[in-house]
Amino acid sequence: MSPVEINVPEILKEVQAAFFRYEKALVENDVTVLDELFWDSVHTLRYGVAENLYGYAAIAEFRALRPAPALNRELVNTTITTYGQDFATANTEFRRDQVHGRQSQTWIRTPQGWRIVAAHVSLMPKTA
């Protein structure tokens, strides 16, 4: 078995572009782009702060119904890693007002481009 190439520069650049496109869509509440960037499959999942969403349809329904208050946030400690040509992970912390959270995404290359197949968002405990 040959070793998996980690962070091939052109592949890393592709995933970074997809990740930051997602981030822009998130803070602008561009539901069309958010829906586009999740893999349209029953196997896709998103664990949110207060919801567990199984399948693309549940994720899209959540996005359509979610209120869109001020969504601007600062990303810190963002780490994107590619594994070979078709698989990547993206992990980041975010800060918004007094909220500090974490976000993880698993990305795969599909015929339509890079898509999120699994995502997780959680909040950090408030510190004094």
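The values are calculated or read from the model by the stated rules, or taken from the named source; none is laboratory data. Remember, it's a predicted structure, so these values are computed and weren't measured experimentally. Methodologically, a virtual Cβ is constructed for each residue, glycine included, from the backbone with ideal geometry; neighbour enumeration extends over all protein chains shown. For accessibility, only protein heavy atoms count, side chains too; no ligands or nucleic acids. Shrake-Rupley method; radii C 1.70, N 1.55, O 1.52, S 1.80 Å.
By DSSP, what percent of the beta bridges with both residues in the chain are antiparallel, rounded to the nearest 5? Mind dumping the intermediate values first?
Working: 32 of 36 bridges.
Here the share of antiparallel DSSP bridges comes out near 90 percent.
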Find the relative contact order for the chain and round it to a whole percent, using C-alpha pairs within less than 8 Å whose residues are 6+ positions apart. 25 percent
Do the sum for the chain: with -39,500 (n - 2.57) for every DSSP H run of n ≥ 4, divided by all residues, what is the mean residue ellipticity at 222 nm, to the nearest 500 deg cm²/dmol? -8500 deg cm²/dmol
Cα-based helix-to-principal-axis angle, 9-27 vs the chain, degrees rounded to 10: 20 degrees
Gain in length, VAL8 to TYR83, computed as 0.36 nm per residue apart minus the alpha-carbon separation, to one decimal in nm? 26.2 nm
Diffing the range 100-112: the Karplus 3J(HN,Hα) column from phi (6.51, -1.76, 1.60, θ = phi - 60°), in whole Hz with x for Gly and Pro, holds 10, x, 10, 9, 10, 9, 10, 10, 10, 7, 10, x, 8
Please report, as a whole percent, how much of the solvent-accessible surface of the range 35-104 comes from carbon and sulfur atoms (probe radius 1.4 Å). 52 percent
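Where does each of THR89, THR32 land when they are ordered by accessible area, with a 1.4 Å probe and the largest first?
Of THR89, THR32, the descending order of accessible area is THR32, THR89.
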Kindly sort HIS100, HIS43, HIS120 by accessible area of their heavy atoms, largest first, with the probe set to 1.4 Å. HIS43, HIS120, HIS100
Debye log10 I(q)/I(0) at q = 0.12, 0.18, 0.19 Å⁻¹ for the range 1-119, Cα point scatterers: -0.44, -0.98, -1.08
With label points built 7 Å along Cα→Cβ from the Cα atoms of TYR54 and SER41, find their separation and express it in nm. 1.7 nm
Send over a whole-number figure in Å² for the accessible area per residue of the chain, probe 1.4 Å. 59 Å²
So what does SER41 come to for accessible area, using a 1.4 Å probe and Å² rounded to 10? 20 Å²
Scan around TRP107 for amide H atoms under 5 Å from its own, H built in the peptide plane at 1.01 Å from N, and keep only partners 5 or more places away or cross-chain. ALA88, THR89, ALA90, VAL117
